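See structure below.
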Amino acid sequence: MPEVKTLSEGIFEITKGKKYLATKNLAPGMTVYGEKLLSIEGSEYRTWDPRRSKLGAMVLKKFRIPLGQDSKVLYLGAASGTTVSHVSDIVSGGAVYAVEFSPRSMRDLISLVARRRNLHPILADAGKPNIYAHLVEPVDVVFQDVAQPNQAEIAARNAARYLKSDGYLLLAIKARSIDTAANPKQVFRDEIKKLEEAFEPKFEILTARDLNPYHEDHLGVLAKLKE
Amino acid sequence: MKLEAWFGTLDLGEDGKVLASDPFSKNVRELALRSLSLREPGKGIPPAGFDLRSAALACGFAGSSEEYDSLLHEVTLDAAKLQISGALTPDQRIILAVEALDDVNETANVLSERLSEWYGGYFPESGLSGKALARFVAKYGSRKNVAPEDPLYAKASNSMGAELEAFDEELLKGFATSVCSLYDRRKQIEAYIESSMENIAPNLSLLAGPMLGARLISIAGSLEKLAAFPSSTIQVIGANKALFKHLRSRAPSPKHGIIFSHPLINTSPWWQRGKIARAVAAKLSLAARTDLYSGEKVPSLAEKLDAKVQQIRLMNPEPPRKKPESGLKPKGKKKRRQ
Ligand SMILES: C[S@@+](CC[C@H](N)C(=O)[O-])C[C@H]1O[C@@H](n2cnc3c(N)ncnc32)[C@H](O)[C@@H]1O
């Protein structure tokens with residue numbers, strides 16, 4: 001008999017032969033990136049590969065994931081939607097604003113979005129958050145995975161406009177996208193420092209852990225706005 | 001204060017309360033087009049933290065939170081689709097063609113080698129390869145069918161190759177026909193790139209040649225990005241691997257971008273190449289900007305480049321005494337002395 005254990009709201013660990021990370025499929029019957037569908041007691045779950053998703057890795061690295069059924073999320077760097085699809089599963093009664101600036105990735109994202117009414121795709125540069133000011137409401141979580149040198153600044157700009165005062169920032173930092181030659185540890189220290197004091201608003205770091213062994217040279221960060 | 005939201009225009013009081021609102025009809029396409037027109041934020045941008053959802057519910061645009069999400073979902077989806085269909089600009093089409101050309105070339109090479117290996121068992125003396133071999137096999141099949149007026153007739157008659165039986169012949173002919181059509185496809189794509197380049201980047205085409213010009217656009221990502229690069233970057237475009245190594249290990253910075261395939265550079269003696277490459281890169285950069293902003297062909301660009309190159313040649317007739325920089329030598333294996 002498969003066993004379903006809740007790790008965080010909407011996020012499950014399923015034991016069926018082996019252990020899987022999973023979310024409940026909001027678009028039953030549809031897979032997004034070749035993940036498995038598991039039917040258990042009338043519910044369909046999609047397995048979630050932590051090696052293909054930094055948020056998935058954060059779950060397994062025991063980050064507190066501040067997402068619930070009704071959460072509103074601003075997701076920056078949606079790519080083709082691997083992780084976005086799981087966030088859409090988790091916040092089934094909420095909303096996900098999925099910002100991506102590559103038209104090629106957006107094409108893939110659009111095909112997965114079709115049956116998820118809580119998902120709002122936005123083709124735009126996250127570095128210019130005013131572009132989507134007429135679309136995006138205040139959110140509980142800003143999730144960012146843009147792999148860009150100025151990511152701390154992008155996070156701050158978006159948080160300034162869209163993050164509720166009691167909201168959270170979840171961030172994945174890729175050392176190589178900041179500086180290809182420098183030591184990753186140093187890059188992480190610098191980036192944390194930027195988040196803490198370089199821009200407005202400033203953040204208070206709640207958790208920062210590397211995402212090994214799921215993602216090499218990546219740091220996961222959970223932060224909130226500094227009082 | 002007037003404020004523009006995706007679902008309507010709102011009038012906001014001093015205290016942030018919505019005084020009046022003018023919601024639009026729920027026509028998805030209209031809302032999507034309007035949403036796209038609001039991307040150039042000017043006046044009317046909602047203040048930070050403004051709750052669009054509550055305002056939409058309050059003004060009666062949406063009857064429930066679910067309806068709000070449903071409509072917003074359809075509108076953002078439609079807007080993204082509209083943007084994407086418009087995103088395939090002429091330079092993006094050229095980039096797709098360049099990528100297709102690379103695939104066709106690679107496939108043609110692999111299949112040609114296969115054909116060569118395969119047909120070699122039946123007619124090893126043919127001396128043909130690539131396109132010529134594919135045409136030959138597609139035309140004759142067995143070497144017994146070679147026409148007497150064909151220059152290969154004698155060799156075909158005296159070949160030590162095995163007999164090609166009808167069953168195998170059919171297979172090989174079909175295979176060769178496929179290879180031929182790949183070569184035809186290559187020609188077609190090249191012609192497409194040449195004429196498209198003439199249309200969207202006549203100056204770059206003139207100075208770099210259409211294929212090199214198209215490759216520069218392809219690696220840069222768009223004509224606009226290429227035009228924004230400083231000429232020092234244009235000089236090393238395509239040297240990515242070397243550039244990465246340079247950043248990681250402080251190896252000498254690469255000087256061989258793809259512009260080194262430019263005839264003005266690759267036919268020059270080594271000691272002039274760096275200087276000529278710089279001159280070419282500067283003019284290509286100018287050409288790309290001219291193409292982006294005016295689109296008019298300016299023949300004097302080419303004359304100026306030629307003059308500049310002549311001048312470099314005259315001023316540097318002899319190789320310098322010191323050893324050439326390692327980056328310039330074709331086989332720069334040895335480390336530079338400190
Ligand atoms: C590492 S991928 C994200 C992967 C995704 N989060 C997932 O787990 O499925 C980074 C993405 O961010 C996008 N991106 C980078 N800079 C951006 C920007 N300024 N605005 C919007 N998207 C950006 C890239 O196009 C790319 O698709």
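The values are calculated or read from the model by the stated rules, or taken from the named source; none is laboratory data. What you see is a predicted model; the values in this text were computed from it and never measured. Here Cβ is always computed from backbone atoms with ideal geometry, including for glycine, and neighbour counts include all displayed protein chains.
Here are the numbers for this structure:
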| read-out | value |
| --- | --- |
| Selection from the range A:28-48 of residues that are buried (at least 18 other Cβ atoms within 10 Å of the Cβ), in contact with a helix residue (DSSP H, G or I) (Cβ under 8 Å, 6 or more places away or on another chain) and over 18 Å from A:THR6 (Cβ atoms) | A:VAL32 |
| Output for the range A:140-198, where each listed residue is farther than 22 Å from A:PRO129 by Cβ and of a type in the set (D, E, K, R) | A:ARG176, A:ASP179, A:LYS185, A:ARG189, A:ASP190, A:LYS193 |
| Test: B:ALA87 is facing chain A (nearest Cβ under 8 Å), under 30 Å from B:SER205 (Cα atoms) and without any contact (Cβ under 8 Å) to a residue 12 or more places away in the chain | yes |
| Test for B:SER294: is it touching a helix residue (DSSP H, G or I) at 6+ places or on another chain (Cβ under 7 Å) and at pLDDT below 90 | no |
| All positions within the range A:36-78 that are within 13 Å of the ligand (Cβ to nearest atom) and either modelled with pLDDT under 95 or within 10 Å of the chain's Cα centre (by Cα) (or both) | A:SER53, A:LYS54, A:LEU55, A:GLY56, A:MET58, A:VAL73, A:LEU74, A:TYR75, A:LEU76, A:GLY77, A:ALA78 |
| Subset of the range B:23-37 [at pLDDT below 90 and surrounded by 14 or more Cβ atoms within 10 Å (Cβ to Cβ)] | B:PRO23, B:PHE24, B:LYS26, B:LEU33, B:ARG34 |
| Enumeration of residues in the range A:164-181 that are basic (Lys, Arg) and within 16 Å of the ligand (Cβ to nearest atom) | A:LYS174, A:ARG176 |
| Number of the exception - A:VAL146 against (1) within 14 Å of chain B (Cβ to nearest Cβ); (2) part of a loop (DSSP other than H, G, I, E, B); (3) of a type in the set (A, V, I, L, M) | (1) |
| Check on B:GLN188, part of a helix (DSSP H, G or I) and buried (at least 21 other Cβ atoms within 10 Å of the Cβ) | no |
| Test set (1) more than 8 Å from the ligand (Cβ to nearest atom); (2) part of a loop (DSSP other than H, G, I, E, B); (3) buried (at least 24 other Cβ atoms within 10 Å of the Cβ) - A:GLU137 fails condition number | (3) |
| Restricting the range A:94-118 to residues that are near the ligand (Cβ under 9 Å from one of its atoms) and over 17 Å from the mean Cα position of the chain (by Cα), the residue that is surrounded by the most Cβ atoms within 10 Å (Cβ to Cβ) | A:SER102 |
| Residue tally, condition hydrophobic (A, V, I, L, M, F, W, C), surrounded by 21 or more Cβ atoms within 10 Å (Cβ to Cβ) and in contact (Cβ under 8 Å) with a residue 40 or more places away in the chain, over the range B:265-293 | 6 |
